[in-house]
1. Within the set of pairs 6 or more residues apart or between chains, which connect a residue that is over 15 Å from residue 32 (Cβ atoms) inside segment 96-124 to a residue that is at pLDDT below 90 with Cβ atoms less than 6 Å apart?
2. Considering only residues that are touching a residue at least 40 places away in the same chain (Cβ under 8 Å), crowded, with 16+ Cβ neighbours inside 10 Å and out of contact with any Gly (no Cβ under 8 Å at 6 or more places or on another chain), look in segment 42-60 and name the one that is farthest from residue 114 (Cα to Cα).
3. Could you run through segment 61-96 and say how many residues are in a strand (DSSP E or B) and either acidic (Asp, Glu) or within 17 Å of residue 114 (Cβ to Cβ) (or both)?
4. Could you list all residues from segment 76-95 that are surrounded by fewer than 18 Cβ atoms within 10 Å (Cβ to Cβ) and within 18 Å of residue 50 (Cβ to Cβ)?
5. The conditions are (1) in a loop (DSSP other than H, G, I, E, B); (2) under 22 Å from residue 37 (Cβ atoms), and residue 51 fails exactly one of them. Which is it?
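The values are calculated or read from the model by the stated rules, or taken from the named source; none is laboratory data. Worth saying up front: this structure is predicted, and the values here are computed from it rather than measured. Neighbour counts run over all protein chains shown; Cβ positions are idealised from the backbone, glycine included.
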Amino acid sequence: MAIYRGFSTQGQSKKFRATDAALIKQDLINHFNIRKGEKLMNPAFGTIIWSMLFEPLTNDTKEAIVTDITQIINYDPRVNVNNVTVNELEHGLQVIIDLTYINNNQSDVLLMNFNNQSQKLTYA
């Protein structure tokens, strides 16, 4: 039985319905696609990761990114963050988020690659 219901055109051919974990994951990905300061009427919404892509990945930078990710995950009451790992890629950053969905206590891993050349976010 689905508790959360919504719509998503990502990866869909005919059905645009999304439920539970798939909906929550897509909502989080949508949040990470927005650069902090881009959202009209809500400049605090979004992530700092896009502005950190060209910065050296020091401990302070990693800590700022992990703090930002934790705040974004905590923004959504349907999910809890267990662990965040930030790795450097050849052309950007990789973020691995271990999270738990509240409604069914199911764990999941969200892997996102932020590419500084294409300015695209890929995820699995």
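1. Matching pairs, first to second residue: 101/21; 103/3.
2. 52
3. 11
4. 87, 88, 89, 90, 91, 94
5. (1)
The rows are residues; the columns are (1) within 13 Å of residue 24 (Cα to Cα); (2) in contact with a strand residue (DSSP E or B) (Cβ under 6 Å, 6 or more places away or on another chain); (3) acidic (Asp, Glu).
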position	(1), (2), (3)
40	no, no, no
58	no, no, no
70	no, yes, no
77	yes, no, no
91	no, yes, no
106	yes, no, no
119	no, no, no
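For (1) small (Gly, Ala, Ser); (2) modelled with pLDDT under 55; (3) in a strand (DSSP E or B); (4) surrounded by fewer than 16 Cβ atoms within 10 Å (Cβ to Cβ), each residue gets a yes or a no:
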site	(1), (2), (3), (4)
2	yes, yes, no, yes
6	yes, yes, yes, yes
9	no, yes, no, yes
12	no, yes, no, yes
18	yes, yes, yes, no
21	yes, no, no, no
24	no, no, no, no
28	no, no, no, no
40	no, no, no, yes
